[in-house]
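Trainee: The structure that follows is given in the form of structure tokens.
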Amino acid sequence: MQYDYSNIIEYLLHWFDYNARILRWRLEPKAYYIWISEIMLQQTRVEAVKGYFDRFVEELPDIKALAECEEEKLLKLWEGLGYYNRVRNLQKAAKIIMSDYQGRLPNSYEELLKLPGIGSYTAGAIASNVYKIPVPSVDGNVLRVAKRIAGSFDDITKASVKKQLENDLREIMPKDRPGDFNQSLMELGAVICIPNGKPLCEQCPVSHLCKAHQQGIEMKIPVKTPKKSRKIEHKTILLFEYEEREELTNKKQTHRMLSYYLIQKRNKKGLLAGLWQLPSLEGKKTALEIEEYISKMMQEQQLDFGILVEPLGEGKHIFSHIEWHMKGYRIKLTSKDDSSIVEIKDMINQFLLAENQESKEVKWIHAKELEDYALPSAFDTYRGYLME
Ligand code: SF4
């Protein structure tokens, strides 16, 4: 039997008025801020998003700035949030808004839905909060809260269940405060009717109307079909490094040694598309295999240089459908003079480009320059080895 959600509106709004967390995009509910925050909040908690949000809107204060931003800078601003397609879609949408909507987010739910990266949840959030259009904004949090209140064992991973809830909520959306109602449901899901662990029903403003609570079945809802297990991919990460002497004019110190590292651009399509990475090989290699790999590189080259292979330990990174299980090595290059290091670098570049057909670009950078390149968090285990 369908639950009548109109009963919860008054209690939720009253609770929200006194308990809403103070967030920048709530204090300044501009369309641009709501949009950016909602995209960042997908799969990331509010507390984690705050810092990224401030940095993003300081660098790119409006849609025009977002549309015109260089890709490298854009990806760098998103570094740490993952799901880089989101920020690429943000920029695609910003360009369309500049060309087709006079630089303003469209004030219609249907038009918002046409923009890249904007689905029913984000369109609902923008339309209801900015333009006061009475449409719902349903994500996993709202589904969990609503299904608990209704005491329903519907499988929330089904698109039809989400659609039905959107229809049910659309019927009862309060015309005067649609945005606040959407936010109150989300807020309840974030701080009271929490996803992991026991919900805080004793603090809940709608506990007297909640079927799951009345029946003591809060922890059995929501029902979700278990996700397919992730595919495991084994990788060997290579940290190529060489030192270069930098002359100083300083009286106390005549020179210092600077370390340089090799980064490689990933393919334009697929996982972490177009981002920089540390060069990698498929499978987990032994130190001996790595030495053989380097020897293969040096074949027929008469360069006078040494290599030192040092294991850097194992790392793991979890994407939504894939897990990377990694083993890292530092490959330190040493040469007798500066001219041979140029040849060595060149040889490694050529070798990597030939070996890995997908990658089109490699670069040697100083650790400090990493600030200018987005190195995905998948490489965090090895980031600390890039020293100045
Ligand atoms: S009473 Fe408990 S289960 Fe029901 S909505 Fe509130 S927190 Fe969730």
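The values are calculated or read from the model by the stated rules, or taken from the named source; none is laboratory data. All values reported here derive from a predicted model rather than from experimental measurement. Counting neighbours? That spans all protein chains shown, and the Cβs are built from the backbone with ideal geometry, glycine included. Calculation scope for accessible area: heavy atoms of the full protein, side chains included, ligands and nucleic acids excluded. Shrake-Rupley method; radii C 1.70, N 1.55, O 1.52, S 1.80 Å.
Trainee: Using beta carbons and a limit of 8 Å, which pairs, at least six apart or on different chains, have the first residue in the range 176-200 and at negative phi and small (Gly, Ala, Ser) and the second one within 9 Å of the ligand (Cβ to nearest atom) and at pLDDT 95 or above?
Mentor: Gly189/Arg144; Gly189/Val145
Trainee: Continuing with this model, one more query. Among the residues of the range 96-136, what is the count of those that are open to solvent by 40 Å² or more (accessible area, probe 1.4 Å), in contact with an Asp or Glu (Cβ under 9 Å, 6 or more places away or on another chain) and free of Cβ contacts under 8 Å to residues at least 40 places away in the same chain?
Mentor: 2
Trainee: Restrict the check to the range 137-159 and report whether at least one residue is away from the ligand (no atom under 16 Å from the Cβ), open to solvent by less than 20 Å² (accessible area, probe 1.4 Å), closer than 18 Å to Gln42 by Cβ and not acidic (Asp, Glu).
Mentor: yes
Trainee: Something else now. Testing Lys50 on (1) assigned to a loop (DSSP other than H, G, I, E, B); (2) at pLDDT below 95, one condition comes back false. Which one is that?
Mentor: (1)
Trainee: Here is a further query. Can you tell me which of (1) more than 10 Å from the ligand (Cβ to nearest atom); (2) assigned to a loop (DSSP other than H, G, I, E, B); (3) surrounded by 15 or more Cβ atoms within 10 Å (Cβ to Cβ) is the one Cys193 doesn't meet?
Mentor: Going through the list (1) more than 10 Å from the ligand (Cβ to nearest atom); (2) assigned to a loop (DSSP other than H, G, I, E, B); (3) surrounded by 15 or more Cβ atoms within 10 Å (Cβ to Cβ), Cys193 breaks only (1).
Trainee: Then there is this: Among the residues of the range 82-95, count how many are out of contact with any Pro (no Cβ under 9 Å at 6 or more places or on another chain) and open to solvent by 50 Å² or more (accessible area, probe 1.4 Å).
Mentor: The number of residues fulfilling the criteria is 3.
Trainee: Tell me, please, whether a residue that is near the ligand (Cβ under 10 Å from one of its atoms), surrounded by 18 or more Cβ atoms within 10 Å (Cβ to Cβ) and among the small types (Gly, Ala, Ser) can be found in the range 171-188.
Mentor: no
Trainee: Residue under question is Ser320, and the condition is that it be small (Gly, Ala, Ser), within 18 Å of Phe351 (Cα to Cα) and either in the same structural domain as Phe351 (by TED's automatic domain parsing) or surrounded by 15 or more Cβ atoms within 10 Å (Cβ to Cβ) (or both); does it hold?
Mentor: Answer is no for this residue.
Trainee: Of all residues in the range 201-233, count the ones that are within 9 Å of the ligand (Cβ to nearest atom) and surrounded by 14 or more Cβ atoms within 10 Å (Cβ to Cβ).
Mentor: 12
Trainee: Another one. Taking Leu90, is it more than 30 Å from Ile192 (Cβ to Cβ) and within 20 Å of the chain's Cα centre (by Cα)?
Mentor: yes
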